[in-house]
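To start, the structure itself, in structure tokens.
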Amino acid sequence: MDDKKNSTNLQAGRRRIAVVDDHPVVLEGLEQLINREEDLIVCVKVGNGKETLEAVGKQQIDLAIVDMLLENTTGVQITIDLKSRCPNLYVLILSMSDDPYHVKRAFKAGARGYITKDEVSEGIITAIRRVLRGEIYIGKRIARQFSKKTVLSWTLEADAGS
């Protein structure tokens, strides 16, 4: 009982994060990076879209970090599904790809950030904090291809459609 009480106290006041990736090492690594922060906690780790919707439906989540390419779905589809259920949920896409097609689709689906996996170790906490503040985050590789103004126009388009 004391362990449960201590766990609840540790989570109080922390922003709650879901991580969606089909690679266990990515899930564990992100959890370790994020949980080192006093104001952030990973409370959901799942490997597919169905599990994501079930888990987010059971818990209050502030931000979902979603892999762009999963075994049976995409980060775009998960973003669409999450935003239809939880319109105020922030989504940050995590991807190996900086392909303009994927980036544009992610933001048009309602994502508020996009970071490539090679930038995670040095940039994930910054990305999380900016997205949680309601800002748009684009990783360095993405910023070379698109201006923030372009990405913002896609997010406004997504907001207008919801």
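Values in this text are rule-based calculations from the coordinates and carry no lab data. As the structure is a prediction and not an experimental result, all values here were calculated from the model. Methodologically, a virtual Cβ is constructed for each residue, glycine included, from the backbone with ideal geometry; neighbour enumeration extends over all protein chains shown.
Computed from Cα atoms, the angle from the helix 148-161 axis to the main principal axis of the chain rounds to 70 degrees. Ordering 110, 29, 73 by Cα displacement along the dipole of region 12-161 toward the positive end leaves 110 in first place; charges were set at the Cβ atoms of Lys, Arg (+1) and Asp, Glu (-1). What the Cα convex hull of region 90-162 gives, in volume per residue, is 71 Å³. The sum of -39500 (n - 2.57) across all DSSP H runs of n ≥ 4, divided by the residue count of the chain, sets its helix-only mean residue ellipticity at 222 nm to -15500 deg cm²/dmol. Shown here is the pair-distance distribution of the chain: with all Cα-Cα distances grouped in 10 Å bins from zero up to the longest one, the shares run 11, 43, 35, 9, 2, 0 percent.
Place a +1 charge on the Cβ of each Lys and Arg in region 47-128 and a -1 charge on the Cβ of each Asp and Glu, then give the dipole magnitude about the Cα centre in debye, rounded to the nearest 20. The dipole magnitude comes to about 420 debye. Taking every DSSP bridge with both residues inside the chain, close to 5 percent are antiparallel. Between residue 140 and residue 72, the contour length at 0.36 nm per residue exceeds the alpha carbon distance by 21.7 nm. About the centre of its Cα atoms, region 12-161 shows a dipole size close to 580 debye [charges on the beta carbon of Lys, Arg (+1) and Asp, Glu (-1) only; nearest 20 debye].
Label sites at residue 23 and residue 159, each approximated as a point 7 angstrom past Cα along Cα to Cβ, lie 3.3 nm apart.
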